[in-house]
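Here's the structure we're looking at; comments come further down.
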Amino acid sequence: MTAFRSRGRPRISSVQKILDHTYLNDIDGLAVPSLENIAKWIWEKLAPHSPRIDRITVSRGPDGQAEGSIYSKSP
């Protein structure tokens, strides 16, 4: 995980820039930006370049404790 964080940081940053301070409905592929769809959208952006990723977790609320979604590709 630490190795991906250092090598994958530019890809993660590019995905964050797309999502940050943007009306999510206007992002291609996120017409319905539920937590589940956001997790899947992030997966589709990162997984092809990082095959060792096994899941994406998206959460919201105070300290991410209110609600969340985990997306993982079924084997």
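The values are calculated or read from the model by the stated rules, or taken from the named source; none is laboratory data. Values in this document were obtained by computation on a predicted structure and should not be read as measured data. Glycine gets a Cβ as well: all are built from the backbone with ideal geometry, and neighbour counts include every protein chain shown. Ligands, DNA and RNA are excluded from the accessible area calculation, which covers all protein heavy atoms including side chains. Shrake-Rupley method; radii C 1.70, N 1.55, O 1.52, S 1.80 Å.
Within segment 32-50, the residues that satisfy the criterion of being open to solvent by 60 Å² or more (accessible area, probe 1.4 Å) and either assigned to a strand (DSSP E or B) or at pLDDT below 90 (or both) are 48, 49. Among the residues of segment 16-31, just one is exposed (fewer than 15 other Cβ atoms within 10 Å of the Cβ) and within 20 Å of residue 73 (Cβ to Cβ), namely 29. Among the residues of segment 39-75, those identified as among the aliphatic types (A, V, I, L, M), farther than 13 Å from residue 12 by Cα and out of contact with any Phe, Trp or Tyr (no Cβ under 9 Å at 6 or more places or on another chain) are 66, 70. Annotation: of all residues in segment 51-69 being in contact with a strand residue (DSSP E or B) (Cβ under 9 Å, 6 or more places away or on another chain) and part of a loop (DSSP other than H, G, I, E, B), the one that is most open to solvent (accessible area, probe 1.4 Å) is 65.
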